[in-house]
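Comments concern the structure below.
Every read-out reported here was derived from the displayed coordinates using simple, explicitly stated rules and does not represent laboratory data. Keep in mind that this is a model prediction, so the values were computed, not measured. Neighbour counts run over all protein chains shown; Cβ positions are idealised from the backbone, glycine included.
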Ligand SMILES: NC(=O)c1ccc[n+]([C@@H]2O[C@H](COP(=O)([O-])OP(=O)(O)OC[C@H]3O[C@@H](n4cnc5c(N)ncnc54)[C@H](OP(=O)(O)O)[C@@H]3O)[C@@H](O)[C@H]2O)c1
């Protein structure tokens, strides 16, 4: 059968290096399943993979995309655990293609009752938020978290989960006028402009308590001011670098306040965790999506044939939420 796949043959700017290639796909062989793309989400890391700056680069040519869900359209001889119509997570290395062949035993089932967009985004950002609140000290109800890029998908999940657990959040955004009401509706306690000297009002907001946990995915001045907002022995976790510079820190806060700087990478956690820990977490995450605790906003949908435009939209700042790429391939 003929399919299209959004691929890059060299690293570079997505508009320059991405192209829709026509490929031939065989029928599923023994133990294989044919899975059609239904919805995929674009992340900053997708841009890093195409651009050649991400942690784990792929062998070229590579299919773009990292995260999405598909529908099982056919199974090969001997496949028992999947049925036609099942929703599954797409293999991470073959997301933005009409369809792919995969080893049926390695495909992860995805719950059919979750809204399609949220199901497509369930495997990377919500687990990241989950781990960020789980693995960096014992947070107690009433504790404060401060985070930048608070309107990002991870940021929105942090807000929802923190509220759910009785934790308070101070949220930094570039466009504070646009995001104050939506983030407060999700459970944010305070929303402040990242460009301002927000550390000056943290005492007032927290009643002198300051933040126990800082979540930095921006870098630059933002994380320096974040470190100045921390309680004694508070932990600042860097898990992204949207500004693209080195993390710098104010020396006096390290010395006098014993602030701890940590890092986090979901891929590394997933590689090191065993199957039961990964399964337990994904089950918990799916339940939190079901309850609406995780509910990430979406800005635009693009069909796979418009995948390059989707990448251009994902590259632009000031989005209303995530860019989703959809597929409608059938046999
Ligand atoms: N370490 C890990 O395992 C891991 C896992 C998942 C995500 N991440 C990281 O977490 C961050 C958020 O990811 P996401 O998928 O949730 O993002 P997203 O929903 O695509 O949103 C991107 C966010 O980055 C902000 N941003 C973009 N350029 C910026 C700049 N130059 N300065 C300051 N802010 C900027 C955007 O602000 P505007 O809305 O104002 O443009 C927006 O808040 C990214 O850095 C990503 O790489 C890391």
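Net length available on complete extension from residue 84 to residue 273 is 65.0 nm, with 0.36 nm assigned per residue and the Cα-Cα distance removed.
Residues of region 194-228 with an amide N closer than 19 Å to a point placed 7 Å from the Cα of residue 138 along the Cα-to-Cβ direction: 212-214.
Model label sites at residue 9 and residue 255, defined 7 Å from Cα along the beta-carbon direction, differ in position by 5.7 nm. Taking every DSSP beta bridge that has both ends in region 85-196, the antiparallel portion is near 10%. For a test of the definition: using alpha carbon positions, the gyration tensor, and the 1.5 limit on a/c, classify region 1-154 as rounded, prolate or oblate. Oblate.
For a modelled paramagnetic label at residue 113, 7 Å from Cα along Cα-to-Cβ, no residue of region 35-72 is in reach, as no backbone nitrogen comes under 11 Å. Between residue 53 and residue 204, the simple spin-label model (points 7 angstrom out along Cα→Cβ) gives 3.6 nm.
Per-residue ellipticity at 222 nm, computed for the chain from helices alone with -39500 (n - 2.57) per DSSP H run of at least four residues, works out to -8500 deg cm²/dmol.
Based on the alpha-carbon gyration tensor of region 233-273 and its eigenvalue square roots a ≥ b ≥ c, which shape applies: rounded if a/c is under 1.5, prolate if not and a/b is larger than b/c, or oblate? Cα axes put region 233-273 in the oblate bin.
How much of the DSSP bridge set in the chain is antiparallel, in percent, rounded to the nearest 5? Roughly 55 percent of the beta bridges in the chain run antiparallel, per DSSP. Full extension of the chain segment joining residue 92 with residue 16 gains 25.1 nm, where the gain is 0.36 nm per residue of separation less the Cα-Cα distance.
Counting 0.36 nm for each residue step from residue 221 to residue 245 and taking away their Cα separation leaves a gain of 7.6 nm.
For region 125-267, what class follows from the C-alpha gyration tensor (a ≥ b ≥ c being the square roots of its eigenvalues): rounded when a/c is under 1.5, otherwise prolate if a/b is larger than b/c, else oblate?
Rounded, since a/c falls under 1.5.
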